[in-house]
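One structure is given here, and the rest of the page talks about it.
Nothing in this text is a laboratory measurement; each read-out follows from the coordinates by a stated rule. Values in this document were obtained by computation on a predicted structure and should not be read as measured data. All Cβ positions, glycine included, derive from the backbone under ideal geometry; neighbour counts span all protein chains shown.
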Amino acid sequence: MQKNINGVMLKKMISVGFACLDEKKDYVDSLNVFPVPDGDTGINMASTLRSVIREVEGAPSNELPIIAQAVSRGGLKGARGNSGVILSQILKGMMAELAKPVDTQVVGKMARKVANAITGNESSGKPLTDVTTKHFARALDNGSKVAYSAVTVPKEGTILTVIRVMAEESKKIARSEADFVEFFKKLLAVGENILAQTPEMLPVLKKAGVVDSGGRGLLIFFGGMLSALDGTIEVAHNFESDGKLSTGGIDGEGIEEIDIEFAYCTEFNITNMNKKTTMAAVDMLREKYVRMGDSVVCVGDLEMLKVHIHTNDPGEAITAALQLGEIINLKVDNMLQQSRDLFAARDIEMKDQGIVAVAAGEGIVTVFKDLGVDFVIRGGQTMNPSAEDIAKACDRVHAKTVFVFPNNKNIILAARHAQDLCKKNLIIIPTKSVNEGIAACIAFASEASIEENTESFHTAATAVKSGSVTYAVRSTKLDRFSIKEGEVLGLDSKTVVAKGANIPDVTTKVVEKLVDKESTSVMLFYGEGIKEKDANALHDKLMAKYPELDISIIDGGQPVYYYLISVE
Amino acid sequence: MATRTTNLYGKITVTNRAIRAVANAALRECYGVAGGRVSFIDVEENKIRMVIRLILKYGVTPEAICESVRSQIRYNVENFAGASVVELNTFVVGIK
């Protein structure tokens, strides 16, 4: 039976209490909603206690008054956050009482001096070395009083309430319990009981469905003290009744190979806004999101808000949004898993040969994909992809050798640079136009060797004659034509061959220039802004003009060029 | 000077005086604070700046208390006014 505790025991109790709280601090953080829901109660209390431990470790002796003084000073020095300050005040009050001198004990001079300094009394009595449960109960009472004295308007339903009720009850318990283990067990039961009532006292807690975080932290600390007393270091806490605020983030397990800071891509719209929602609230929401993650989009008006955020706590993002209105079109993706899947897929199989092409326009991209291109980089005349873009695209293709079709003479150089950036074997087929690229792709044979394919790509690309129809961006003189801004221009692979105001006429002229006796087929891709009806009309016209040729027309959707023409 | 915003019902203006009152009320509930008040407030483009002069209770850690005062006042004011507190300075002018 543990009837007394001395300085050594007190030291051990505080250390184990700290260890327990330190271990559970994240959990305590998760309960934090009052006074500010910033989730730092546990960490603040733990760091306050860490300072206490540091001070106690450095204490000159293990005599009770000296340990008590160290606890008190350590708490004051290291107090952090609201709950940390309150905890330090509780400890200060308790320790002052524990270090009070009694007449019956005999200890060193130094301890007496210290005790007098703490209590402020020039008492002739000697400081005590051992504490009984009754003393400890008085200490708790003083701790509670000191903690209360530091606040003008005490809030009930917090750590203050928990320590006050425990202190009140402890005096009753101490009357019948001289054994510290039993005393602490009963004390903790009282604590749990009052903690469970905190939501009834503080509406914020009830609304959030949790008990007070500081109170929980205090009980974990006292639980640790009990473990030190009865020798069971591990404290089994049942927190099920505390409620739950958030599930917390992701732990570090399994993300070593993937460099993703925020795991969940969360997207939704907020609509049917609460009537009292203000634009200022929207701004505040955005600021909150910026603190929570990255890639934040939070735009719209009071009718509809669009939200996109990468975060480790999508729940928190959604909860914050629900304050403003209703949520629709919710989508949460685990980017870690997506990334893992990508890695996994990469490991499955490696093809011998893959193709990457550069192209713009939905239709043309589809054509390339249909022809077996593994990856199409969006780009072209007005948006040249960088060497890095090309290298990245090649990295994504599960093939040992990757053929690259730049499909534009301005991109060929970038593609050549990509060879140095990419670990794979890149073969650049210098296609100068989409038409050449498509012709080359048609020639691809997956079972052929790399050399054979390279050869046939070159042949196919050079065999095709390309033309294009576009508009002049400024007035100039070019290839014997004097061109006015906005005029329609017809080009073959190098020079301007036709101009005019009318797109079908210019296109027809270009086809005329490109077609010769050996031609067998003509392929036209119509671009952005050309109506299907007009394209079909042109198709019919050309069919009538060249009945012997195989003429096809495809919706390319490309920007800049009205028509892209391939003649073979 | 005041914060201004709108919702479906119309415009909302929160004057500096109201913000000051909320901050003062929050200050009174702060742990370790014996007294004090907002001594300066400025609102520009819905960004709030404040100076708080406060008297601490004897025996508490000034640093920790000021930090928690800032966080508590900021939270309460932002919740009430719907505008961000971008600057909040605390001056300890006394101990009681």
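Taking the 0 to 90 degree range and rounding to the nearest ten, how far is the long axis of helix A:387-396 tilted relative to the main principal axis of chain A, both from C-alpha atoms?
Taking Cα atoms only, the helix is inclined about 80 degrees.
Taking amide hydrogens as modeled 1.01 Å from N in the peptide plane, which residues meet the under 5 Å criterion relative to residue A:553, leaving out close sequence neighbours?
A:524
List the GluC sites (Glu not before Pro) within segment A:441-523 that fall in a DSSP loop (any state other than H, G, I, E or B) and whose Cβ has at most 10 other Cβ atoms within 10 Å.
For GluC sites (Glu not before Pro) across segment A:441-523 that sit outside H, G, I, E and B with at most 10 neighbouring Cβ atoms in 10 Å, the list reads A:447, A:485, A:518.
Using the crude model of +1 on Lys and Arg Cβ and -1 on Asp and Glu Cβ, and no other charge, please compute the dipole size for the protein assembly as shown relative to its Cα centre, in debye to 20.
The calculated dipole for the protein assembly as shown is roughly 3640 debye.
Return the loop-located trypsin sites (Lys or Arg not before Pro) in segment A:4-33 (DSSP other than H, G, I, E, B) with at most 13 other Cβ atoms within 10 Å of their own Cβ; answer none if there are none.
Hits after loop and neighbour filter: nothing returned.
If R₀ is 35 angstrom, what is the calculated FRET efficiency for the pair residue A:544 and residue A:383, using the beta carbon separation as r and rounding to 0.05?
About 0.40, to the nearest 0.05.
Roughly how far apart, in whole Å, are the Cα centres of segment A:495-568 and segment A:308-343?
Cα centroid of segment A:495-568 versus Cα centroid of segment A:308-343: 47 Å apart.
Once you put a point 7 Å from the Cα of residue A:474 and another 7 Å from the Cα of residue A:350, both along the Cβ direction, what distance in nm separates them?
4.9
Report the residues of segment A:306-332 in range of a label on residue A:261: point 7 Å along Cα→C-beta, backbone N strictly under 17 Å from it.
A:309-314
If r is the Cβ-Cβ distance from residue A:463 to residue A:340 and R0 is 30 Å, what FRET efficiency results, to the nearest 0.05?
Computed FRET efficiency for residue A:463 and residue A:340 comes out at 0.10.
Can you list residues whose amide H is under 5 Å from residue A:489's amide H, if they're 5+ apart or on another chain and H is modeled 1.01 Å from N?
Hits under the 5 Å cutoff: A:470, A:471, A:472.
Hey, quick one: spin label on residue A:512, modelled 7 Å out along Cα-Cβ, who in segment A:521-539 has an amide N within reach, i.e. under 17 Å?
The answer is A:538-539.
Which of the aspartates and glutamates could a cross-linker bridge to residue A:145, judged by Cα under 12 Å and excluding same-chain residues fewer than eight apart?
A:97, A:168
In degrees from 0 to 90, rounded to the nearest 10, what is the angle of the helix A:159-176 Cα long axis to the longest principal axis of chain A?
30
Can you give the % of DSSP beta bridges in the protein assembly as shown that are antiparallel, to the nearest 5?
Here the share of antiparallel DSSP bridges comes out near 65 percent.
What is the distance, in nm, between label points placed 7 Å from the Cα along the Cα-to-Cβ direction at residue A:168 and at residue A:148?
Going from the residue A:168 label point to the residue A:148 one covers 0.8 nm.
Among DSSP bridges having both ends in chain B, what percentage is antiparallel? Round to the nearest 5.
Percent antiparallel among DSSP bridges in chain B is about 60.
What list of ³J(HN,Hα) couplings, whole Hz, do you get for segment B:69-85 from phi and the Karplus terms 6.51, -1.76, 1.60, once you set θ to phi - 60° and write x for glycine and proline?
Residue by residue, segment B:69-85 yields 4, 4, 5, 5, 5, 4, 4, 5, 5, 5, 5, 7, 8, x, 9, 7, 8 Hz.
Using label points projected 7 Å from each Cα along Cα→Cβ, tell me how many nm separate residue A:450 and residue B:87, to one decimal.
With each label point 7 Å from Cα toward Cβ, the separation is 6.4 nm.
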